[in-house]
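As structure tokens, the structure follows; a few thoughts come after it.
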Amino acid sequence: MWWHADEYLEKLYDNSMKCIETAKASRTAEERKQYLKHKLRELLGDFDASKGPEPVLLERTVCDGYIRERVQLSAIPGLSFAAYVLVPDSYSRDPLPAVVALHGHGYGSREIVGLKPDGSPDMEPPGAHGHFAIQLVKRGMIVIAPDVAGFGERRLMADVTANPDVNHSCLRLSTRLMMHGKTLAGLRVTEALKTVDYAAGRAEVRDDRIGIMGFSGGGMISFLTAVLDLRIRAAVIAGYLNTFKDSILAMQHCVCNYIPGMLAHAELPEWLGLISPRPLFVESGTDDRIFPEQGFRAAADQLRDIYRRDGAENRLVADLFPGRHQISGRYSYDWLFDQLSQPGAIE
């Protein structure tokens, strides 16, 4: 007797792959791309995005080589969020490239802008996030780092009351939203899109040179946002590229990584391939236990096929670096600056 569902789940995956291959054969590459983009919006769930109130400046601090602001934004009626804005001292009059920077699991945007959870300066060696927003601003890009829903000051009060040390509210947010036919990924992407709007509207920003970079769960939001918003001219996805089979389905991840129905339409590399032919940099550590090396290699190969088909193979870079689940940045920081800054780098 088959008491356990292991074999059933394997068959489900195999059947999905067969259906996906059949679906690919029934459309041209461009038709399939447009179909998947439409389906992605549907799977994320509809959010009543609105123009919202005007941004509010909450604080402004002079730092070493840049100005750090904190602003309040809103993408959905009745819900606001804060974002740090880092403006390099190199800004004078000519607009600069900008990057939307999205953190993963941790204590929020402060973790990537060099601050402790209480907002005081973090003088310790950076953790897995590598203070990557600072690395980007010091290369001459304006950086906008929003607080992702469910982290830091955006944890739900019910979770904080039950356990003040809890570092996220992903489970409660995800399950409540799913009961309304929505997803936490959809909420986070909606707010990321609003952050792109805000970046494009700032006088210091060259609105045709906006990129995005995210780590881990922030990498997931970054790729989804880049797929849906063509204003994103280049993307860096760190600590996320893999196949669903080797990562999301192979081990326990946070519930926020799961979007109902996604695997019925494409494996993860094809979803990321919707960014093509725009420039894309993917990086991952050889010892990353939750996004393992073999899955990264398989996904990177599939991405190369997609970019090659689109005549844009030179716009895809994959870096498998020695390390764990962390940002490397050894090539990606400079690559992103080059993609957003060099004449002729972007059509």
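General observations
- For the chain, hydrophobic long helices are taken as DSSP H runs at least 15 Å long by C-alpha position along their axis with mean Kyte-Doolittle hydropathy of -0.5 or more; these are 184-201, 217-228.
- Prolate/oblate/rounded label for the stretch 63-119 (Cα gyration tensor, a/c 1.5): oblate
- The chain - mean residue ellipticity at 222 nm from DSSP helices (-39,500 (n - 2.57) per run, n ≥ 4, rounded to 500): -10500 deg cm²/dmol
- With every protein chain in place, the chain: carbon and sulfur % of accessible area (1.4 Å): 52 percent
- Coupling constants for the stretch 122-134 follow from the phi torsions by the Karplus curve (6.51 cos²θ - 1.76 cosθ + 1.60, θ = phi - 60°), and in residue order they are 9, 8, 7, x, x, x, 4, 6, x, 6, 5, 5, 5 Hz; glycine and proline get x.
- DSSP bridge pairs, the chain: antiparallel proportion in percent, nearest 5: 50 percent
- Solvent-accessible surface (1.4 Å probe) assigned to ASP208 amounts to roughly 60 Å².
- Kirkwood Rh, angstrom, the stretch 75-224 [1 / mean 1/r, Cα pairs]: 15.9 Å
- What you get for the chain, charging only the Cβ of Lys and Arg (+1) and of Asp and Glu (-1), is a dipole of about 560 debye around the Cα centre.
- With DNA, RNA and ligands ignored, accessible area of GLU30 (1.4 Å probe; Å², nearest 10): 110 Å²
- The alpha-carbon of LYS194 sits under 13 angstrom from the alpha-carbons of these aspartates and glutamates, leaving out residues fewer than 8 places away in its chain: ASP48, GLU54, ASP147, ASP229.
- Cα-based reach from LYS116 at 23 Å (exclusive), listing lysines while leaving out same-chain residues under 8 positions away: LYS138
- Global geometry of the stretch 264-319, whether rounded, prolate or oblate, following the gyration tensor of its Cα atoms and the 1.5 cut on a/c: oblate
- When the charge dipole of the chain is built from unit charges on Cβ atoms (+1 for Lys and Arg, -1 for Asp and Glu) and taken about the Cα centre, the candidate among GLN252, TYR107, PRO146 whose Cα reaches farthest toward its positive end is PRO146.
- Across the options ALA29, GLY52, TYR13, the greatest Cα extent toward the positive end of the charge dipole of the stretch 1-82 (unit charges at beta carbon of Lys, Arg, Asp, Glu) belongs to ALA29.
- Distance cut-off 21 Å, percentage of C-alpha pairs in the stretch 12-147 lying past it: 58 percent
- Reciprocal mean inverse distance between Cα atoms of the chain - Kirkwood radius, Å: 20.6 Å
- Overall Cα dimensions of the stretch 124-173 - principal axes, largest extent first, Å: 42, 22, 14
- Placing +1 on the Cβ of every Lys and Arg and -1 on the Cβ of every Asp and Glu, with nothing else charged, gives the stretch 279-347 a dipole about its Cα centre of roughly 120 debye.
- 13 Å Cα-Cα reach of LYS18 towards aspartates and glutamates, excluding residues that sit fewer than 8 places from it in its own chain: GLU10, GLU267
- Rolling a 1.4 Å probe across the protein heavy atoms gives the chain an accessible surface of 47 Å² per residue.
- Chain lengthening between THR286 and MET157 when straightened (0.36 nm per residue, less Cα-Cα): 42.7 nm
- Exposure ranking of TRP335, TRP271, TRP3 by accessible area [1.4 Å probe, largest first]: TRP3, TRP335, TRP271
The values are calculated or read from the model by the stated rules, or taken from the named source; none is laboratory data. Just so we're clear, the structure is a prediction, and the values are computed from it rather than from any experiment. FYI the Cβ positions are ideal-geometry reconstructions off the backbone, even for glycines, and counts take in every protein chain you see. Heads up: the accessible areas ignore ligands, DNA and RNA and are worked out on the full protein's heavy atoms, side chains in. Shrake-Rupley method; radii C 1.70, N 1.55, O 1.52, S 1.80 Å.
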